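Here's the structure, in structure tokens; my notes come after.
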Amino acid sequence: MTSQNTSLAKDNIKIVLLEGIHPSAEEVFRSDGYSSIFTAAKSLPQDELREVLADANFLGIRSRTQVTPELLSFAPKLSAIGCFCIGTNQVDLEAATKQGIPVFNAPFANTRSVAELVLAEIILLLRGVPAKNAAAHRGEWLKSATNSFETRGKILGIVGYGHIGTQIGILAENLGMKVQFFDINKKLSLGNARTASSFHKLLETSDVVTFHVPETEQTQNMMNQQAFDHLKKGAILVNASRGTVVDIDALANGLETGKVNGAALDVFPIEPKSNQEEFVSKLCQFDNTILTPHIGGSTKEAQVNIGIEVSEKLVKYSNNGSTLSSVNFPEVGLPELMGKHRICHIHHNEPGILAKINDMFSESGANIVSQYLQTNANVGYVVTDIDQTSSEDAFEKMKLIKGTIKSRILY
Ligand code: NAI
């Protein structure tokens, strides 16, 4: 059992921000009164990482730092981890959960950036700009209005009507496009968007088709040869979701035959691991494609937003125990502490622990003002607000309850 002991003064809470996390994150911590902040522009080598984590309470990383069970064993005081990015694969979530460490990320901070790129690509592809631009770079002059269209009045088919899909729908309607969408889940249509009766129907009736689905078994090669057969002749295809969604051979075939009039891809089944690696794709031969290196969400604004979003989640967890939107932890949204003491108790999810906690409270004579409990497969998180007079005694007893992983008291 590890315990966080009593509520630490904010200047004694050590925050480690690695990998050049945007300064907006540090600003959030500082403006809330946290001053012990270690920052590094890059990921750290293992020995330095262990050293810096030995007394760290909060860790912020991007995608390079691998948080393994072994690394966690060198971070006994760690309360929470912030992934200042979208993915959380770099953290062993099971190990973090078992050690009572919630992990936070910023899944939607770059939604607008992706939507803007996709919209720009749709405009350029409808005008045939990529092919004309490529030709001009070779000294060719392709002045022609053939196959050059306005967006106004064209039908945009959105596959996956989630955060990004809906944003694009709204922006596209402002340009005068007619929007339809297909989603496996029932979704509220925004603006004038209509639901397509099936994926194939959407393909048959859209001038532009754009994918915004997650990577799942169902979306793997979703846009395969059979799907291309359903596509309206001369349509434009955009994929800024996941590389496995579109079958590249089938797309190349569509571009060759003219079934597809142009395509924009920001994601690929195989992507170079670094800027030093060569990008290889069958699509490089086609002038009427826009191929971008997975930069849909990569803007200054998205970085700023990610810095703010994740650090605010960490500050909130530190200040009042709230775990809303954690990727691995039972989610508890908590009100501000109003003159009470709050005991946050993280335990293995075993039967009977809540009963033991409440027995202990009644033995301590503690007056419970409110209590919040959530569990997931591995852990339970119970937060109890009690009167100040009995809090220390109850907290000490609570730490001894069998099955306790971590506990802390907030004033
Ligand atoms: P989201 O989770 O908000 O929306 C995804 C939508 O797809 C949901 O409405 C879901 O119901 C729907 N869906 C799932 N399976 C489906 C299926 N088989 N058929 C139709 N609809 C299906 O996700 P969000 O934030 O909109 O992201 C969409 C995609 O964009 C994700 O794959 C994400 O990884 C990717 N992305 C790419 C970026 C880039 O840099 N290119 C940046 C950010 C996200």
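Structure notes:
- Remark: pairs (first residue in region 150-171, more than 17 Å from N239 (Cβ to Cβ) and more than 14 Å from the ligand (Cβ to nearest atom); second residue open to solvent by 40 Å² or more (accessible area, probe 1.4 Å) and assigned to a helix (DSSP H, G or I); Cβ separation under 8 Å; 6+ apart in sequence or on different chains) = T151/I123; I155/T205.
- Filtered residue count, region 172-190, keeping only those that are more than 14 Å from the ligand (Cβ to nearest atom) and of a type in the set (D, E, K, R): 2
- For region 324-344, filtered to residues that are in contact with a Gly (Cβ under 8 Å, 6 or more places away or on another chain) and of a type outside the set (A, V, I, L, M, F, W, C), the residue that is surrounded by the most Cβ atoms within 10 Å (Cβ to Cβ) is R342.
- The residues of region 256-298 that are over 28 Å from N147 (Cβ atoms) and hydrophobic (A, V, I, L, M, F, W, C), listed by number, are I270, V280.
- All of (1) open to solvent by 20 Å² or more (accessible area, probe 1.4 Å); (2) aliphatic (A, V, I, L, M); (3) in contact (Cβ under 8 Å) with a residue 24 or more places away in the chain hold for L142 with one exception: (3).
- Apart from one condition, K232 fits all of (1) open to solvent by 50 Å² or more (accessible area, probe 1.4 Å); (2) within 16 Å of the ligand (Cβ to nearest atom); the exception is (2).
- Among the residues making up region 145-190, those that are under 19 Å from R242 (Cβ atoms), surrounded by 18 or more Cβ atoms within 10 Å (Cβ to Cβ) and of a type in the set (A, V, I, L, M, F, W, C) are I158, V159, I164, I168, F181, F182.
- Among the residues of region 281-304, those that are in contact with an Asp or Glu (Cβ under 6 Å, 6 or more places away or on another chain) and surrounded by 17 or more Cβ atoms within 10 Å (Cβ to Cβ) comprise I290, G296.
- Pairs linking a residue in region 22-36 that is closer than 18 Å to N57 by Cβ to a residue that is at pLDDT below 95 and open to solvent by 30 Å² or more (accessible area, probe 1.4 Å), with Cβ atoms under 7 Å and 6 or more positions apart or on different chains, are G33/K10; Y34/K10; S35/D11; S36/D11; S36/N12.
- Hits in region 390-401 (condition: touching a strand residue (DSSP E or B) at 6+ places or on another chain (Cβ under 9 Å) and either surrounded by fewer than 22 Cβ atoms within 10 Å (Cβ to Cβ) or within 15 Å of K356 (Cα to Cα) (or both)): S390, E392, A394, F395, M398, K399, I401
- Of everything listed in (1) within 26 Å of the chain's Cα centre (by Cα); (2) away from the ligand (no atom under 12 Å from the Cβ); (3) open to solvent by less than 40 Å² (accessible area, probe 1.4 Å), the single unmet condition for H212 is (2).
- Residue selected from region 373-387 under the condition under 14 Å from S326 (Cα atoms) and among the β-branched types (V, I, T), by the criterion surrounded by the most Cβ atoms within 10 Å (Cβ to Cβ): V379
- Test: residue in region 259-268 that is open to solvent by 60 Å² or more (accessible area, probe 1.4 Å) and assigned by TED's automatic domain parsing to the domain that holds E121: no
- Whichever residue in region 86-118 is in contact with a His (Cβ under 9 Å, 6 or more places away or on another chain) and open to solvent by 40 Å² or more (accessible area, probe 1.4 Å) and, among such residues, is farthest from the ligand (Cβ to nearest atom): K98
- Residue match in region 343-357 (condition: of a type in the set (D, E, K, R) and in contact with a strand residue (DSSP E or B) (Cβ under 6 Å, 6 or more places away or on another chain)): no
- Residue match in region 313-320 (condition: in a helix (DSSP H, G or I), within 16 Å of the ligand (Cβ to nearest atom), aliphatic (A, V, I, L, M) and not assigned by TED's automatic domain parsing to the domain that holds T205): no
- One residue from A193, A136 being more than 16 Å from the ligand (Cβ to nearest atom) and either over 24 Å from N288 (Cβ atoms) or not charged (D, E, K, R) (or both): A136
The values are calculated or read from the model by the stated rules, or taken from the named source; none is laboratory data. Everything numeric here is computed off the predicted structure, so don't read it as measured data. Note that we place each Cβ from the backbone using ideal geometry, even for glycine, and neighbour counts take in every protein chain shown. What goes into the accessible areas is simple: the full protein's heavy atoms, side chains included, and nothing from ligands, DNA or RNA. Shrake-Rupley method; radii C 1.70, N 1.55, O 1.52, S 1.80 Å.
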